[in-house]
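Structure record follows, encoded as structure tokens.
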Amino acid sequence: MLITIIRHGQAHGQSPTGRDRDRTLTELGHQQARSAGSYLAECAHTPGHLFASPYVRTQQTLDEINAVLDLPTTTDDRLAADQGLSEMCALIEDHRDHDSIALISHMPTVGALVTLLTQGPGVPGASLQTSEVVIVRTTDNQLIGSCELVDRYRWTD
């Protein structure tokens, strides 16, 4: 199974409502997300299904990526910024029947997820840049610490 982990694009520091979940992407964030979508369309590891946090900035990232990919999408509360690694791992486990999925979510959890999947527990989480894409592969039933890094994409100006 391939698991693509994506951090949302650059977002505004505040929202009109004052709620973190309502923060929107900046123009650069939209460009970053479109670029991530183009990368995924051109790489050999395009996911088959996109899952995203319900927060506005992740939904906007999802929309920009999927404008290029045109894949099935699901909004899942387990990817929200206030959720943890156990919720993200449960989402992955629930979809082990897929060959390839992508998760669009938030730091620091996406960074911690990459580290947990590739190195196991007890290791400080990686830091992902906005709209960074990390693709890992698991080949056995053990998810934690068993994934290998397949590819990585970072936005460059």
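The values are calculated or read from the model by the stated rules, or taken from the named source; none is laboratory data. Model, not experiment: these values are computed from the prediction. With ideal geometry, Cβ positions are generated from the backbone for all residues, glycine too; neighbour counts draw on all protein chains shown.
A few notes on this one:
- Condition check for P47: in a loop (DSSP other than H, G, I, E, B), closer than 21 Å to T138 by Cα and at pLDDT 95 or above: yes
Yes/no matrix, rows are residues, columns are (1) among the basic types (K, R); (2) in contact (Cβ under 8 Å) with a residue 60 or more places away in the chain; (3) within 12 Å of E132 (Cα to Cα):
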| site | (1), (2), (3) |
| --- | --- |
| I6 | no, yes, yes |
| P16 | no, no, no |
| D22 | no, no, no |
| G37 | no, no, yes |
| L40 | no, yes, yes |
| S53 | no, no, no |
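- Pairs with Cβ under 7 Å, 6+ apart, first in segment 95-108 and acidic (D, E), second part of a loop (DSSP other than H, G, I, E, B): D99/M1; D99/G48
- In the condition set (1) in a helix (DSSP H, G or I); (2) surrounded by fewer than 20 Cβ atoms within 10 Å (Cβ to Cβ); (3) touching an Asp or Glu at 6+ places or on another chain (Cβ under 8 Å), D63 is compliant with all but (3).
- Selection of segment 136-145 for residues being part of a strand (DSSP E or B) and of a type in the set (A, V, I, L, M, F, W, C) yields only V136.
- Of the residues making up segment 2-22, those that are at pLDDT 95 or above and surrounded by fewer than 22 Cβ atoms within 10 Å (Cβ to Cβ) number 12.
- Selected residue [modelled with pLDDT of 95 or more, in a helix (DSSP H, G or I), buried (at least 18 other Cβ atoms within 10 Å of the Cβ) and hydrophobic (A, V, I, L, M, F, W, C)] from A36, A102, A41, A81: A36
- A81 being small (G, A, S) and in contact with a Gly (Cβ under 7 Å, 6 or more places away or on another chain): no
- Residue check, G120 surrounded by fewer than 17 Cβ atoms within 10 Å (Cβ to Cβ), on the phi > 0 side of the Ramachandran plot and touching a helix residue (DSSP H, G or I) at 6+ places or on another chain (Cβ under 9 Å): no
- Residues (over 26 Å from D70 (Cα atoms), out of contact with any Cys (no Cβ under 8 Å at 6 or more places or on another chain) and outside any loop (DSSP other than H, G, I, E, B)) located in segment 112-135: A112, T115, Q119
- Each residue in segment 1-48 was checked for being closer than 27 Å to L149 by Cβ and hydroxyl-bearing (S, T, Y), and 5 of them qualify.
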